[in-house]
Amino acid sequence: MNRSRIRVVLEMIKFEHSVFALPFALVGALLAARAAGGFPSWSQILWIVVAMVGARSAAMTMNRIADIEFDRRNPRTANRALPAGHLTLGFAWIFTIVSAALLVAAAWRLNKLALELSPLALAILFLYSYTKRFTAWSHFVLGFCLGISPAAAWIAIRGSLDPRMLILCAAVTLWVGGFDVLYACQDVDFDRVAGLHSIPKKFGIARALQIARVMHLAMVTLLIGLATTFHLAWPAWVGIAVVALLLGYEHSLVKPNDLSKMNAAFFMVNGYISLLFLLFWGAAVVVAKP
């Protein structure tokens, strides 16, 4: 595969957006290992990262395969790799299968429960690609696809699941679902024509922005509960404050009559949120008592 083909593939799966989910998975791994009185091994971190890359690559490619006809008809997405003919559908299917196999192989290297649950994880990831066809609440399904990553990382470290990790799963679900609601505001007109469903289409852009704000407020509330439950040190609380401030800034960029700053709100701010969350919560885990 030449460099130009690699660039097209990375663009198709939006590889740079891995920053959205991976930091939360790493926090889950740190919390799991710290609860046992230690830290993840480099081998565990490596296979968690490999599993995340495989899962996300498979999910994103499947999404592009499922939506190829919609992408062709939508002016905003018509230049994507598959509808524009930069990659073939056959290549996309092979890439999806290889990426899914990468997830399963990484899960096998981690532990038995991770391996047993890997097909379920893939089923959830692939389901999202079809949800806009029948429900306006598909944003929550997308959120859940990324939201399971902290629980998956905990399982990867411990071979079991602590119910407290479901709080972080819910927080990530609401965070991702909320910014997906914002992003979907750009496609309201196309969704109406194509018969697709979304919260902005169902409730209108102004109400959708309010729903996204409530989702992000709930996320911050859940993070407060999680920090309390794990008795985390002060860096975690600074991290929550930073996340809240960045979410407030994100929402200030998007208005019902002005979506021109959507890319800044979606890509830049959410990237900072995930990375800074990892920085502060990672520091809190290091100094916290198990």
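Please verify whether segment 150-160 includes one or more residues that are in a helix (DSSP H, G or I), surrounded by fewer than 20 Cβ atoms within 10 Å (Cβ to Cβ), in contact (Cβ under 8 Å) with a residue 40 or more places away in the chain and not basic (K, R).
No, that holds for no residue.
With in contact (Cβ under 8 Å) with a residue 24 or more places away in the chain, within 24 Å of I205 (Cβ to Cβ) and of a type outside the set (D, E, K, R) as the only criterion, which of L278, L226, L246 stands out?
L246
Tell me which residues, restricted to segment 80-96, are surrounded by 13 or more Cβ atoms within 10 Å (Cβ to Cβ) and without any contact (Cβ under 8 Å) to a residue 60 or more places away in the chain.
P83, A84, F91, W93, T96
If I ask for residues that are closer than 13 Å to A101 by Cα and either β-branched (V, I, T) or surrounded by fewer than 18 Cβ atoms within 10 Å (Cβ to Cβ) (or both), which ones from segment 43-79 would you list?
Selection gives V50, V53.
Being under 15 Å from G54 (Cα atoms) and over 14 Å from the mean Cα position of the chain (by Cα) narrows it down to one residue among A114, A152; which is it?
Of the residues listed, the single one that is under 15 Å from G54 (Cα atoms) and over 14 Å from the mean Cα position of the chain (by Cα) is A114.
Which number in (1) buried (at least 16 other Cβ atoms within 10 Å of the Cβ); (2) in contact with a Leu (Cβ under 8 Å, 6 or more places away or on another chain); (3) under 19 Å from A35 (Cα atoms) marks the one condition that R164 misses?
Only one criterion in (1) buried (at least 16 other Cβ atoms within 10 Å of the Cβ); (2) in contact with a Leu (Cβ under 8 Å, 6 or more places away or on another chain); (3) under 19 Å from A35 (Cα atoms) is unmet by R164, namely (1).
Can you tell me which residue among V188, V176, V181 is out of contact with any His (no Cβ under 6 Å at 6 or more places or on another chain), of a type in the set (V, I, T) and crowded, with 24+ Cβ neighbours inside 10 Å?
Exactly one of V188, V176, V181 is out of contact with any His (no Cβ under 6 Å at 6 or more places or on another chain), of a type in the set (V, I, T) and crowded, with 24+ Cβ neighbours inside 10 Å, namely V176.
Name the residue, out of V9, V27, that is under 16 Å from the mean Cα position of the chain (by Cα), part of a helix (DSSP H, G or I) and either hydrophobic (A, V, I, L, M, F, W, C) or at pLDDT 90 or above (or both).
V27
Does I211 satisfy the criteria of being closer than 17 Å to H139 by Cβ, in contact with a Gly (Cβ under 9 Å, 6 or more places away or on another chain) and either crowded, with 18+ Cβ neighbours inside 10 Å or not charged (D, E, K, R) (or both)?
yes
Only residues that are closer than 19 Å to I124 by Cβ and of a type in the set (V, I, T): list them for segment 173-198, please.
T173, V176
Mind checking which residues of segment 105-125 are aliphatic (A, V, I, L, M) and under 18 Å from A29 (Cα atoms)?
Answer for segment 105-125, where residues must be aliphatic (A, V, I, L, M) and under 18 Å from A29 (Cα atoms): A106, A107, L110, L113, A114, L115, L117, A121.
Name the residue, out of A218, A208, A184, that is touching a Pro at 6+ places or on another chain (Cβ under 8 Å) and at pLDDT 95 or above.
Checking each option against the conditions leaves just A208.
The values are calculated or read from the model by the stated rules, or taken from the named source; none is laboratory data. The structure presented is a predicted model; accordingly, all values stated were derived computationally and were not measured. We place every Cβ from the backbone using ideal geometry, glycine too, and count neighbours over all the protein chains shown.
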